[in-house]
Amino acid sequence: MDPHRKRNQALSLAAIAVVAAVLYFADSGASDYQIRILNNCAIFAALAVSYNLINGVTGQFSLGPNAFLAIGAYTSALLTMSPLEKELSFIIDPVIWPLNEIQTPFYVSLLAAGSVSALFGLLMGFPVFRVRGDYLAIVTLGFGEVVRVVANNTQSVTNGPLGLKGIEAHTDLWWTSGFALATVFFVGRLVRSSYGMALKAIRYDETAAEAIGINTFWHKMLAFIVSAFFAGIGGGLLAHLITTISPSLFTFFLTFNLLIIIVLGGLGSTTGAVLAALLVTWGGEALRFVEEPMQIGPLDIPGIPGMRMVIFSLLLVLMMIFARQGIMGTREFSWNAVFSGIRRLQRGPGKAK
């Protein structure tokens, strides 16, 4: 085996071990608030990577991940709730059969959430990928709103605007970090495969991709289904993290946050999606101090609700001005690039290679 490859594998395993150690100590010693932030970071990192597969890698402007999150969240929650809990929650209309009798383990509900979301992705893909560009964005945006409205009005399935409460808090750091790692690994391998090369060809020029024999419709469809599958699992984890869901949780604002993350990280970059998800999720919480009253010398600054979002928006604007391709552009993290950068720093400016 190539010594560089052996070195890179050893470093990757060491990095995974370090992350596992950090998670172990965080799970046993961190506060509930800190653990909640870490869980959100992991879930949104996985969601951003899966969303980036269709929007960034394939270049299809989809605005419907909130729909798949909602489908996954409701599927997982309904399957893990006991029949008694459903009877107490559905006070207007009883839940329909067989949901009123079914109760499954958590991992089964997550697989079901991903599968049901993927099925809806398949059904939605047939009309969606008959159009391109802005029309594609409009259709997927409409699908997200349709799912939310249906969830708001199907009392016997989703409990309508009352939502579902009392969901078991099964989601922990190991579930969320494992999901994030599995998503990054699967999508990363997919993008580096011949299938991923075909997706990139579609992004750059769909007509040319068709001319060289790529079935663009089915390639886009499969990317959409994979993205929907991981979004559904993410929705299930989110439901069992916050333990209560309602249609108002799955608005376009959720899609908008994911869109900001993948643009900030760099469209087409899995590494960028992960980094941006961590920055956006953690940064939004880190800026909460600006909304509290502050005393700077003789100046008394009252707390201004919403100020953190104003500052966060300004930071995003500056990022887009000075780094238009995002944090990573279309590049990916690699150990070879790290060592090449270290060697360049050691040589110093003006020195020969």
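Stokes-Einstein diffusion of segment 257-310 at 20 °C, 1.002 mPa s viscosity, Kirkwood radius from Cα pairs, rounded to a whole number: 169 µm²/s. For segment 1-150, the square roots a ≥ b ≥ c of the C-alpha gyration tensor eigenvalues yield an a/c of 1.5 or more together with a/b not exceeding b/c, which makes the shape oblate.
Size of segment 123-257: Rg and Dmax of its alpha carbons, in Å, are 17.7, 54. When the Cα positions of PHE90, SER109, VAL49 are compared along the charge dipole of segment 17-117, VAL49 comes out farthest toward the positive end, with charges on each C-beta of Lys, Arg, Asp and Glu.
For segment 212-312, the Kirkwood estimate of hydrodynamic radius, built from reciprocal distances between every pair of different alpha carbons, is 16.9 Å.
The 3J(HN,Hα) values that the Karplus relation (6.51, -1.76, 1.60; θ = phi - 60°) gives for segment 289-295 are, in residue order, 5, 6, 8, 9, x, 10, 10 Hz. Gly and Pro appear as x. Evaluate the Debye formula for segment 1-79 with equal point scatterers sitting on the alpha carbons, no solvent, and hand back log10 of I(q)/I(0) at q = 0.15, 0.21, 0.25 Å⁻¹, in q order, two decimals. So the normalised log intensities work out to -0.86, -1.01, -1.07. Taking a Cβ cut-off of under 15 Å around PHE256, the surrounding Lys, Arg, Asp and Glu residues balance to a net charge of 0, with basic ones at +1 and acidic ones at -1. Around the Cα centre of the chain, unit charges on the Cβ atoms of Lys, Arg, Asp and Glu (plus for the first two, minus for the last two) sum to a dipole of about 1840 debye. 3J(HN,Hα) couplings calculated from phi for segment 331-338 with the Karplus curve 6.51 cos²θ - 1.76 cosθ + 1.60 (θ = phi - 60°) are, in sequence order, 7, 10, 5, 8, 5, 4, 5, 4 Hz; Gly and Pro show x.
Toward the positive end of the charge dipole of segment 170-226, with +1 on the Cβ of Lys and Arg and -1 on the Cβ of Asp and Glu, the farthest Cα among SER177, ILE202, ASN215 is that of SER177. For segment 106-202, the Kirkwood hydrodynamic radius comes to 16.7 Å, computed from all pairs of different C-alpha atoms.
Based on the mean of other beta carbon atoms within 10 Å per residue, what is the order of 257-268, 200-211, most packed first?
Averaged packing, sorted descending, gives the order 257-268, 200-211.
Amide hydrogen proximity for THR154: with H placed 1.01 Å from N in the peptide plane, the residues at 5 or more positions away or on another chain lying under 5 Å are GLY160. Over the chain, the Kirkwood radius and the radius of gyration, each from Cα atoms, give a ratio Rg/Rh of 1.01. With all projection directions averaged, the alpha carbon convex hull of segment 263-353 covers 9.1 nm². Counting other Cβ atoms within 10 Å as a rough exposure proxy, the listed residues TRP335, TRP175 run TRP335, TRP175 from fewest neighbours to most. A viscosity of 1.567 mPa s and a temperature of 4 °C, combined with the Kirkwood radius over C-alpha pairs in the Stokes-Einstein formula, give segment 69-126 a diffusion coefficient of 108 µm²/s. For LYS165, which aspartates and glutamates qualify as cross-link partners when the Cα separation must be under 16 Å and same-chain residues fewer than eight apart are set aside? Hits, sequence-local ones excluded: GLU85, GLU87, ASP93.
Backbone geometry of segment 90-106 corresponds, through the Karplus equation with coefficients 6.51, -1.76 and 1.60 at θ = phi - 60°, to 3J(HN,Hα) couplings of 8, 8, 8, 10, x, 5, 6, 6, x, 4, 6, 10, 8, 8, 10, x, 4 Hz, x marking Gly and Pro.
Quick note: the coordinates plus some simple rules give every number you see, no bench work behind them. Small disclaimer: the values here were computed from a predicted structure and weren't measured. Note that we place each Cβ from the backbone using ideal geometry, even for glycine, and neighbour counts take in every protein chain shown.
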